[in-house]
Amino acid sequence: MRDGQIRVLIAKPGLDGHDRGAKVIARALRDAGFEVIYTGIRQTPQMIAAAALQEDVDVVGLSILSGAHMTLCPKVVELLHAQGQEDVLVLLGGIIPDEDAAQLKAAGVHAVFGPGTSSSEIIAFIRTAMAGG
Amino acid sequence: MPKPAPTQQLIDGLLKGDRLALARAISRVEDDAAEAARIVRGVFAQTGRAHLIGVTGAPGTGKSTLVSALAERYRAQGLTVGVLAVDPTSPFSGGALLGDRVRMTGHSGDAGVFIRSMATRRGTGGLARASADAMLLLDAGGFDRVIVETVGAGQAEIEIASVADTVVVVEAPGLGDEVQAIKAGLLEIADIFAVNKADRKGAGRTVAALEMMLETGGAAAQTVLHHGQRMEMEAAASEADAEEGWPIPVLETVAVSGRGVEQLRDALERHWAWLEGSGARSAREGRRFGHMLQTLIQAEVLARMERTLSPGLRSDLVEGMLRRQIDPYSAAAEMVKKLSG
């Protein structure tokens, strides 16, 4: 579906500073041939949405370990949709209870990856989605 | 998935200040040379308003932080700023990790700043084309100042910054001797030097060394280590580069605290005014367009060669070289002859 290079934004919204997971994923995605824009920690949903727009990304990957995912993720999705980026794939990584994951998916998050997810699983998910699957 | 927007819609949108249209247009010019031609054709008449600023320097000198602080100063003046941050593509995977935004937070929510990261992708020609096109789009999108930031290593990256209206070369204390900067070819392209991280030890020496090199045309930097004192150097530096009539300033900045950034902005504004006043601006622009033309012609000729030459001819020639029946120069000449024939 997308002809050009796949661009991914990796961001850490909220106040926890544990960014190792985000960095590991960022590197794995780079090694898989994606262009990864890394924004660092303590991003507000507004900052993430602004970066997603300016960078014209295909995928937004959020890493949240603070427990604030139920407020932060729907806000990011809402802002992306409001600015015309309904087609952006939104992924969440972190420690997310199953019932929350279900609600987040209903709110427009495309996939939730918990601890133990291999990076190849995430890469395969992005590739399939970008191929229009 | 929705259908991609038609090209004309992106052109109209970006000219009207629609930032999503601008962002998507930049992706198009990066991904596809034919689309780039259409989009640039559609916006070119609206370009030429922005002050194009190239910022380059060795890794670790603090370019991204400095660009971010500079953007803030421009905003304080009410000027809008577009930033193109170029980072290398991994030669191993074709992917890239673009991290300049980490140092450029603080502008979100401000529609007057637009930051775009660009990977170097397949190297020289493609990068030069895509970055030049992206700068045209930012210009056409209405930004008053367009800053392109590249690592000052590798000819392609340095060239991109060097075709701007004003080139800022960023140095930092303690990164090795000045000969490194000479080797990289950074000294020749600077209109303004910023010695960033100037709160660190050795900043004065770096400033003095740069001023000495400007004065002596790049030679004998070592003398400064024996008797160079900043105060006596400054007068000499202001007379440097007299042939162009622009004395190249050497400024101290501390991007993280903002120290000296206002002076950097003022120096950029002075250079912009000087370019206009002296007629040097159109000379620079002409040089930039010559550069663009060359890049496009090379790409076109290469593409035509790929299209017209049979793959068989190439492998035959390689085969001939393997058997030492033909040398590489004659083989290349034979291929080019087929092309022009």
* Test B:ARG101 against the criterion of being within 19 Å of B:SER27 (Cβ to Cβ) and more than 14 Å from the chain's Cα centre (by Cα), and give yes or no. => yes
* Every residue from the stretch B:301-341 that is polar (S, T, N, Q) and either in contact (Cβ under 8 Å) with a residue 24 or more places away in the chain or under 22 Å from B:ALA33 (Cβ atoms) (or both) -> B:THR308
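A quick yes/no check of all residues on (1) surrounded by fewer than 19 Cβ atoms within 10 Å (Cβ to Cβ); (2) within 14 Å of chain A (Cβ to nearest Cβ); (3) at pLDDT 90 or above:
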| position | (1), (2), (3) |
| --- | --- |
| B:LEU98 | no, yes, yes |
| B:THR105 | yes, yes, no |
| B:VAL113 | no, yes, yes |
| B:SER117 | no, yes, yes |
| B:GLY126 | yes, yes, no |
| B:LEU137 | no, yes, yes |
| B:GLY141 | no, yes, yes |
| B:ASP144 | yes, no, yes |
* To do: Can you work out which of the residues in the stretch A:47-89 that are surrounded by fewer than 18 Cβ atoms within 10 Å (Cβ to Cβ) and touching a residue at least 40 places away in the same chain (Cβ under 8 Å) is farthest from B:ALA111 (Cα to Cα)?
  => A:SER66
* Structure fact -> Scanning the stretch B:74-87 for residues that are surrounded by fewer than 20 Cβ atoms within 10 Å (Cβ to Cβ) and touching a residue at least 24 places away in the same chain (Cβ under 8 Å), the one farthest from the other protein chains (Cβ to nearest Cβ) turns out to be B:GLN77
* Those residues that are under 23 Å from B:GLU157 (Cβ atoms) and free of Cβ contacts under 8 Å to residues at least 60 places away in the same chain, I need them from the stretch B:29-70; list them, please. => B:ASP31, B:ASP32
* Asked: Quick one: which of A:LEU80, A:LEU53 is facing another protein chain (nearest Cβ under 7 Å) and assigned to a helix (DSSP H, G or I)?
  -> A:LEU53
* Check B:THR295 against each of (1) within 30 Å of B:GLN77 (Cα to Cα); (2) surrounded by 13 or more Cβ atoms within 10 Å (Cβ to Cβ); (3) in contact (Cβ under 8 Å) with a residue 60 or more places away in the chain and name the one condition it does not meet. => (1)
* Residue check, B:MET321 in a helix (DSSP H, G or I), at pLDDT below 90 and not assigned by TED's automatic domain parsing to the domain that holds B:ASP199 -> no
* Complete set of residues in the stretch A:109-128 that are surrounded by 13 or more Cβ atoms within 10 Å (Cβ to Cβ), at pLDDT 95 or above and farther than 17 Å from A:GLY67 by Cβ -> A:HIS110, A:ALA111, A:ILE122, A:ILE123, A:PHE125, A:ILE126, A:ARG127
* Output the number of the condition that B:ILE53 fails; it satisfies all remaining conditions of (1) within 21 Å of the chain's Cα centre (by Cα); (2) crowded, with 17+ Cβ neighbours inside 10 Å; (3) within 14 Å of another protein chain (Cβ to nearest Cβ). => (3)
* Could you check how many residues of the stretch A:1-23 are more than 8 Å from chain B (Cβ to nearest Cβ), closer than 25 Å to B:ALA34 by Cα and in a loop (DSSP other than H, G, I, E, B)? => 2
* Only residues that are buried (at least 22 other Cβ atoms within 10 Å of the Cβ), at the interface with another protein chain (Cβ under 7 Å from one of its Cβ atoms) and closer than 24 Å to B:SER68 by Cα: list them for the stretch A:24-46, please. => A:ALA26, A:GLU35, A:VAL36, A:ILE37, A:TYR38, A:THR39
* To do: Please list, ordered by first then second residue, the pairs with beta carbon atoms under 7 Å, 6 or more apart or interchain, first in the stretch B:16-28 and more than 8 Å from chain A (Cβ to nearest Cβ) and within 10 Å of A:GLN54 (Cα to Cα), second surrounded by fewer than 22 Cβ atoms within 10 Å (Cβ to Cβ) and modelled with pLDDT of 95 or more.
  => B:ALA21/B:GLY13
* Taking the stretch B:29-50 as the search range and keeping residues that are under 29 Å from A:ALA49 (Cβ atoms) and of a type in the set (Gly, Ala, Ser), which one is surrounded by the fewest Cβ atoms within 10 Å (Cβ to Cβ)? -> B:GLY42
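The values are calculated or read from the model by the stated rules, or taken from the named source; none is laboratory data. Keep in mind that this is a model prediction, so the values were computed, not measured. A quick note on method: Cβ atoms are made from the backbone with ideal geometry, for glycine too, and the neighbour counts reach across all protein chains shown.
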